[in-house]
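Heads up: the structure comes next, in structure tokens.
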Amino acid sequence: MSDPPWARLTRPTLAARRARARLARLAAAVCVIAVAVASVLLVDALVATTDVVVAAHALRRGDVIGADDVIVVETPRSPVVAGAFGHVDDVVGRVAQTDLEERQPLFPTNARDAPVVPSGRTVLEVAVANDASTLVAGDSVRLVSATGCASSVAEGGGAGNAGTDAPAAGAGATPGSEESGADEPACTLAGDALVMSRARRDENGGGTSVIAMAMTPEAAARVMASAELGAIVAVTR
């Protein structure tokens with residue numbers, strides 16, 4: 001009866017000792033390779049997915065995002081979600097810049113910080129005659145008089161200009177007409193008004209929209225004076 005193949009490894013000879021040493025080195029190398037492969041697979045499993053904040057339900061442009069409006073989902077890491085928010089706290093209080101569908105990821109481009117009143121500005125609720133439903137918090141608009149420059153307190157002029165007999169370009173014309181001076185600086189009441197909230201319908205009727213806007217105190221004075229003389233129009237910048 002012949003000996004098994006491994007029997008020679010147990011013999012007390014120099015050749016057997018060398019064979020056992022080679023076998024031990026081979027086993028060690030296999031173990032190292034196995035550990036390395038397992039480590040790579042483990043790391044890959046850990047970094048293959050990422051947390052992404054998505055809309056819990058459909059959101060409208062201009063909506064202020066609350067904690068109940070978003071959820072965090074685990075999604076495969078890819079360029080499609082690169083830059084998306086990963087924590088709910090990062091988006092709460094932001095303003096949706098576009099209509100968002102359910103499960104749509106949120107990015108800094110479609111969820112902007114809510115505006116903060118700049119230093120040196122005051123907030124004034126302005127009734128505008130044109131459709132302001134597309135304006136959202138953070139937009140910048142120009143406020144002009146719809147009755148023309150001659151009957152408005154124009155930017156760059158004093159309050160005493162209102163109701164004076166001095167003619168001005170576009171006097172009596174409405175903004176948008178060829179004779180109007182609405183595009184001229186003299187008709188501008190506020191050159192850079194910051195929208196602070198979405199427009200709401202005027203409770204007093206008249207078909208106007210009321211918007212809270214931040215502007216300089218001088219511009220606020222012109223707007224209030226002009227509101228008594230005629231309609232005000234918000235022009236997007």
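The values are calculated or read from the model by the stated rules, or taken from the named source; none is laboratory data. Note that the structure is predicted; figures quoted are calculated from it, not measured. FYI the Cβ positions are ideal-geometry reconstructions off the backbone, even for glycines, and counts take in every protein chain you see.
Against the conditions (1) part of a loop (DSSP other than H, G, I, E, B); (2) in contact with a Lys or Arg (Cβ under 8 Å, 6 or more places away or on another chain), where does Gly93 fall short? Just the number, please.
Result: Gly93 passes all but (2).
Considering only segment 64-74, how many residues are without any contact (Cβ under 8 Å) to a residue 60 or more places away in the chain and buried (at least 16 other Cβ atoms within 10 Å of the Cβ)?
3
Taking Glu101 as meeting all but one of (1) outside the structural domain of Cys187 (by TED's automatic domain parsing); (2) crowded, with 16+ Cβ neighbours inside 10 Å, write down the number of the exception.
Checking Glu101 against (1) outside the structural domain of Cys187 (by TED's automatic domain parsing); (2) crowded, with 16+ Cβ neighbours inside 10 Å, the one that fails is (2).
For segment 45-84, what are the residues that are within 14 Å of the chain's Cα centre (by Cα) and over 27 Å from Ala199 (Cβ atoms)?
Correct list: Val53, Val54, Gly83, Ala84.
Going by the structure shown, is Ala154 surrounded by 19 or more Cβ atoms within 10 Å (Cβ to Cβ), small (Gly, Ala, Ser), modelled with pLDDT under 85 and under 17 Å from Ala221 (Cα atoms)?
Yes; evaluated as a whole, the condition is true for this residue.
Are any of the residues in segment 144-151 crowded, with 16+ Cβ neighbours inside 10 Å, of a type outside the set (S, T, N, Q) and at pLDDT 90 or above?
yes
When only residues in segment 181-225 that are of a type in the set (S, T, N, Q) and part of a loop (DSSP other than H, G, I, E, B) count, which is modelled with the highest pLDDT?
So the residue we want is Thr216.
Please pick out the residue among Ala56, Ala29, Ala24, Ala82 that is surrounded by 14 or more Cβ atoms within 10 Å (Cβ to Cβ), outside the structural domain of Val195 (by TED's automatic domain parsing) and not hydroxyl-bearing (Ser, Thr, Tyr).
Only one candidate qualifies: Ala56.
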